[in-house]
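The values are calculated or read from the model by the stated rules, or taken from the named source; none is laboratory data. Because the structure is predicted, anything quoted here is derived from the model rather than measured. All Cβ positions, even for glycine, are placed from backbone atoms using ideal geometry, and neighbour counts span all protein chains on display. The accessibility values were calculated without ligands, DNA or RNA, using every heavy atom of the protein model including side chains. Shrake-Rupley method; radii C 1.70, N 1.55, O 1.52, S 1.80 Å.
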Amino acid sequence: MKAKTTTFKKTLNKEKCITFFIRYGYYIHTEDDKLVILRKPGTEFTSAGEKFPKELSFFFKTDETEIRLKYDTYVLFDTGDLQEELDLISNRITNNIDNLV
């Protein structure tokens, strides 16, 4: 399943992003200077996409931050839940942008 991606034209603060998304059930999987991969546990046996495990990646670039969301398991088809989740994440970031830069 292809990942869904969005970009913010600001460089977000890595530590603030980690702290912010831990509150929403994500945990740190991988971290280095320019990349953070967070995962959210779920169940692999479900018909509801919002219950699948997910992987949320932040790529911190010089003047922007790229955010990528994908299922962290094999999925036969996307019901649109992944894009809805990315839209929700984008709205959370937009609403809290002053706290995340």
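Observations
- Just so you know, in the stretch 76-93 the residues that are closer than 15 Å to CYS17 by Cα, in contact (Cβ under 8 Å) with a residue 24 or more places away in the chain and not hydrophobic (A, V, I, L, M, F, W, C) include one that is most open to solvent (accessible area, probe 1.4 Å), and it is ARG92.
- Evaluation of GLN83 against (1) at pLDDT below 90; (2) part of a loop (DSSP other than H, G, I, E, B) (one fails), failing number: (2)
- No other residue among THR73, THR43, THR65 is more than 21 Å from LYS9 (Cα to Cα) and either at pLDDT below 75 or open to solvent by less than 20 Å² (accessible area, probe 1.4 Å) (or both) apart from THR43.
- Single condition LEU56 does not satisfy, out of (1) at pLDDT below 90; (2) touching a Leu at 6+ places or on another chain (Cβ under 7 Å); (3) not in a helix (DSSP H, G or I): (1)
- Residue that is farthest from ASP72 (Cα to Cα) [pool: residues in the stretch 5-38 that are surrounded by 17 or more Cβ atoms within 10 Å (Cβ to Cβ) and in contact with a Lys or Arg (Cβ under 7 Å, 6 or more places away or on another chain)]: VAL36
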